[in-house]
1. Could you run the Karplus curve 6.51 cos²θ - 1.76 cosθ + 1.60 with θ = phi - 60° over the stretch 68-74 and give me ³J(HN,Hα) per residue in whole Hz, x for Gly and Pro?
2. Rank-order 72-78, 82-88 by packing density, defined as the average count of other C-beta atoms within 10 Å over each peptide's residues, highest first.
3. Take peptides 23-35, 106-118 and line them up by average Cβ neighbours within 10 Å, highest first, as a rough protection proxy.
Amino acid sequence: MKKKIKGIARDTLKFVLEVSASSHPKEFAGMLYETDGIITDVDVPITQSSNVSAVMNLFMLPVNTHIVGSVHSHPSGALQPSDADIHLFMQSGDYHIIVGYPYDITSWTCYDRIGDRRELDVLDVEIDESAVYRDIQETFGGEND
Ligand SMILES: [Zn+2]
């Protein structure tokens with residue numbers, strides 16, 4: 001089932017840029033979630049040693065219907081997806097954001113699942129701050145139970 005996505009919450013985009021900057025020169029990767037058609041959440045499964053393949057493998061876990069795509073950073077500053085990126089994009093979701101150095105508010109591009117650039121509006125919406133960063137264990141079931 002495809003969802004119509006209206007855009008990404010500005011606070012969520014800022015969070016992604018901040019985390020990418022703090023991860024630099026390492027790559028940051030996470031998954032994007034929507035609430036009522038707006039991308040409001042980022043999951044960061046592996047915080048320090050993130051790599052895109054590891055994150056994308058989580059798409060193979062039981063489907064979370066609120067996943068709309070992925071986000072990852074390019075410390076090089078290039079915003080074009082690599083062939084490997086596009087291969088991973090095709091696995092799930094229609095909204096894949098690449099952010100690049102210097103991680104300012106314009107240092108990002110959104111792509112669809114085949115790697116074509118697509119528009120994504122940045123929306124000023126009120127979101128629950130605590131919901132921006134969700135622990136992977138909350139989403140996929142705790143391992144400590
Ligand atoms: Zn990439």
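1. 10, x, 9, 9, 8, 9, 10
2. Values: 72-78: 17.9, 82-88: 14.7.
Ranking the peptides 72-78, 82-88 by packing returns 72-78, 82-88.
3. Descending packing order for the listed peptides: 23-35, 106-118.
Since every read-out is calculated from the coordinates, none of them should be taken as a lab result. It should be emphasised that the depicted structure is a prediction, and the values quoted were computed from it without experimental measurement. Note that we place each Cβ from the backbone using ideal geometry, even for glycine, and neighbour counts take in every protein chain shown.
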